[in-house]
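To start, I am sharing the structure in question, which I have written as structure tokens.
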Amino acid sequence: MLGLLLLGAALAQPLPVPPPPAPLRLPEPIASTLPGGGEAWLLARPEVPAFHLVVSLHHGSLVASDPLALEQAATLLGLRGPEGRGWLRRQEAASARLLVEVDPWRTRLSLSGVRGAEDEAIALLGELLTVQDIDGRAWARQRAEAVEQARTAWLAPARVHLAALAQARYPTEHPFSRSPSARALARLRPGRLAQAWREALQARADLVAVGDLDVDALLARLGPMLTGSSAPPPPTLPAPLPGPKVVLVDQPGDARALLSLSLPLPAGVRLEHPAIELLLRALVTDFDGRLTRLLREERGLVYALDGSVRSFSDHAWFELRTSTEGAQAGELLRLLRASLEELALRPPSGEERSPVQAGLRRDLARLLLSNQALAAHLVERQALGLDAARVWDDARAALQADDQALAAAAALVEPERAIWVLSGDSALLDPAFAEAGLAVDRVETGWSLLPP
């Protein structure tokens with residue numbers, strides 16, 4: 001009885017108010033200049049026994065005449081290196097992992113390793129930065145795999161859906177709308193790959209290095225390899241296609257429906273409107289977002305709803321993705337369309353804003369635990385032309401954003417300009433579009449999307 005009385009007295013006391021969270025300590029990199037004029041951002045973290053390096057070659061329009069050759073050279077060198085089959089074994093011996101990526105603006109070489117493997121890992125990276133020729137036998141193996149992949153990729157519904165999405169958003173001449181054809185891959189010769197790679201190496205290079213590294217020793221070793229100084233202008237790319245647009249990708253017999261929704265945003269949106277990240281989180285974060293609660297918890301239409309804000313130098317997209325049963329697609333489209341139209345009138349605020357800001361804070365804390373994630377953040381900001389001291393400006397602004405900033409971000413999302421792409425059996429999806437009040441502009445099939 002006495003225990004119950006004491007428990008009752010304890011419960012009657014007001015709960016203590018937790019103190020406000022301590023400010024996040026967001027590290028700023030040390031900036032240095034490379035021999036070719038590029039920037040090096042260096043962040044030593046001896047407490048993390050690993051490292052991550054990223055070299056960005058800003059080739060711009062330099063290789064615009066033969067982008068496929070550069071893409072395949074990057075794939076070949078990342079998988080097989082300049083010496084063929086022994087490349088992956090050398091990476092394993094060095095406890096390192098290499099990734100080479102190409103986009104219309106730059107080529108990136110990323111290398112991750114563990115403490116003690118710096119010398120061999122940097123030697124691997126250095127070999128790629130001095131490659132002059134492509135091994136014919138290595139390319140023959142890689143080309144056979146690439147040709148087979150190009151021929152069979154169109155059998156996968158998800159691949160067809162992504163191709164339809166790309167072609168709905170970009171004109172044919174835009175690199176984001178192109179898929180390599182088996183015929184074009186079969187015609188590529190080692191000389192073309194080598195020439196494209198040599199041209200890329202002439203471009204100005206930037207470096208980001210994060211982790212347990214001697215930054216002075218790193219610059220002494222990599223600096224002489226990063227002497228490219230060519231600074232060609234960015235490629236002149238056609239503008240994304242305007243919305244509104246509704247595309248049906250007919251997949252006969254498929255009972256499921258894949259949905260991708262793209263809404264255009266202005267370039268530089270992440271820096272000018274940092275609350276756009278909060279808006280996305282308020283809609284789709286985990287199982288607490290406004291749209292996720294409606295479509296999953298209340299209506300049972302989807303298992304999950306995914307979203308992202310993708311920013312490029314000249315445009316950006318607010319993206320939502322999900323899937324559902326084909327028979328339920330009409331209700332999904334109708335509710336999603338109505339929710340987006342309501343967004344400008346009732347943007348997230350107050351009780352919705354505070355949890356997503358707390359979630360953003362948690363994610364930033366997790367980001368600081370990963371060299372790779374931290375390096376990716378720095379690389380993105382470096383590509384935007386920011387000073388090293390401003391790499392966290394948008395994150396800090398989002399953490400401090402008020403309801404007015406969130407409402408301004410919501411006003412950027414214009415449903416009347418949306419691009420809808422839905423894949424599935426047209427017998428199920430035609431009534432879905434009618435239920436949602438959406439008129440289909442174009443019907444695609446896997447064969448119609450196949451590159452020549």
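The values are calculated or read from the model by the stated rules, or taken from the named source; none is laboratory data. Since the structure is predicted, the reported quantities are computational estimates derived from the model, not experimental observations. Note: ideal-geometry Cβ built from the backbone for every residue, glycine included; neighbour counts use all protein chains shown.
Only one residue in GLY78, GLY126 is surrounded by fewer than 21 Cβ atoms within 10 Å (Cβ to Cβ), within 22 Å of the chain's Cα centre (by Cα) and in a helix (DSSP H, G or I). Which one? Walk me through how you get there before you give the answer.
Numbers: GLY126 fails: within 22 Å of the chain's Cα centre (by Cα).
Unique residue meeting the criteria: GLY78.
Let me ask something else. Condition (residue is on the phi < 0 side of the Ramachandran plot, free of Cβ contacts under 8 Å to residues at least 40 places away in the same chain, in the same structural domain as ASP214 (by TED's automatic domain parsing) and not in a loop (DSSP other than H, G, I, E, B)) applied to the stretch 47-61: is it met by at least one residue?
no
Need the failing condition index for ARG381 against (1) over 21 Å from ALA164 (Cα atoms); (2) surrounded by fewer than 20 Cβ atoms within 10 Å (Cβ to Cβ), just the number.
So the condition that ARG381 fails would be (2).
Still on this structure: Taking the conditions exactly as written (crowded, with 20+ Cβ neighbours inside 10 Å and not β-branched (Val, Ile, Thr)), does ARG187 satisfy them or not? Quick ask: steps written out before the conclusion?
Details: crowded, with 20+ Cβ neighbours inside 10 Å: no; not β-branched (Val, Ile, Thr): yes.
Considered against the rule, which asks whether it is crowded, with 20+ Cβ neighbours inside 10 Å and not β-branched (Val, Ile, Thr), ARG187 comes out as no.
Also, I was wondering about something else. For the stretch 277-293, does any single residue satisfy the condition of being under 19 Å from the mean Cα position of the chain (by Cα) and assigned to a strand (DSSP E or B)?
no
Please go through the stretch 331-352 and give me each residue that is surrounded by fewer than 17 Cβ atoms within 10 Å (Cβ to Cβ) and part of a loop (DSSP other than H, G, I, E, B), ordered by number.
Within the stretch 331-352, ALA344, LEU345, ARG346, SER349, GLY350, GLU351 meet the criteria.
Another one. Just for helices (runs of 4 or more DSSP H) wholly inside the stretch 174-229: which have at least 1 residues that are of a type in the set (Val, Ile, Thr)?
Values: elements: 182-187, 190-201, 215-222.
Passing ranges, in order: 215-222.
Right, next: Residues in the stretch 140-147: is at least one out of contact with any strand residue (DSSP E or B) (no Cβ under 9 Å at 6 or more places or on another chain), modelled with pLDDT under 85, outside the structural domain of HIS315 (by TED's automatic domain parsing) and among the hydrophobic types (A, V, I, L, M, F, W, C)?
No, every residue in the stretch 140-147 fails to be out of contact with any strand residue (DSSP E or B) (no Cβ under 9 Å at 6 or more places or on another chain), modelled with pLDDT under 85, outside the structural domain of HIS315 (by TED's automatic domain parsing) and among the hydrophobic types (A, V, I, L, M, F, W, C).
Answer yes or no: is there a residue in the stretch 13-23 that is closer than 30 Å to PRO104 by Cβ, modelled with pLDDT under 90 and small (Gly, Ala, Ser).
Keep residues of the stretch 13-23 that are closer than 30 Å to PRO104 by Cβ, which gives none.
No, because not a single residue in the stretch 13-23 is closer than 30 Å to PRO104 by Cβ, modelled with pLDDT under 90 and small (Gly, Ala, Ser).
Another one. For the stretch 308-317, does any single residue satisfy the condition of being farther than 30 Å from VAL246 by Cα and either among the hydrophobic types (A, V, I, L, M, F, W, C) or not assigned by TED's automatic domain parsing to the domain that holds PRO104 (or both)?
No; the residues of the stretch 308-317 include none that is farther than 30 Å from VAL246 by Cα and either among the hydrophobic types (A, V, I, L, M, F, W, C) or not assigned by TED's automatic domain parsing to the domain that holds PRO104 (or both).
Would you be able to tell me the number of residues in the stretch 51-61 that are modelled with pLDDT of 90 or more and not β-branched (Val, Ile, Thr)?
Of the residues in the stretch 51-61, the ones modelled with pLDDT of 90 or more are 51-57.
Imposing the further condition that a residue be not β-branched (Val, Ile, Thr) reduces the set to 51-53, 56-57.
Going through the stretch 51-61 one residue at a time, the tally reaches 5.
List the number of the failed condition for GLN91; all other conditions in (1) assigned to a helix (DSSP H, G or I); (2) of a type in the set (S, T, N, Q); (3) within 30 Å of ARG25 (Cα to Cα) hold.
All conditions pass for GLN91, except number (3).
Taking the criterion of being of a type in the set (A, V, I, L, M, F, W, C) and assigned to a helix (DSSP H, G or I), would at least one residue in the stretch 319-330 satisfy it? So that I can check it myself, show each step before the final result.
Going residue by residue through the stretch 319-330, those that are of a type in the set (A, V, I, L, M, F, W, C) are 320, 327, 329.
Restricting the remaining residues to those that are assigned to a helix (DSSP H, G or I) gives 327, 329.
Yes, there is a match, as at least one residue in the stretch 319-330 is of a type in the set (A, V, I, L, M, F, W, C) and assigned to a helix (DSSP H, G or I).
Using the structure shown, decide if PRO171 is loosely packed, with under 15 Cβ neighbours inside 10 Å and touching a helix residue (DSSP H, G or I) at 6+ places or on another chain (Cβ under 9 Å). I'd like the intermediate steps shown before the answer.
Values: loosely packed, with under 15 Cβ neighbours inside 10 Å: yes; touching a helix residue (DSSP H, G or I) at 6+ places or on another chain (Cβ under 9 Å): yes.
Criteria met by PRO171.
Please count how many residues of the stretch 294-316 are crowded, with 19+ Cβ neighbours inside 10 Å and part of a strand (DSSP E or B).
Here the count works out to 3.
Further question: Please find, within the stretch 226-248, the residue that is nearest to GLY60 (Cα to Cα) out of those that are crowded, with 21+ Cβ neighbours inside 10 Å and at pLDDT below 90.
Only one residue tops the list, namely GLY228.
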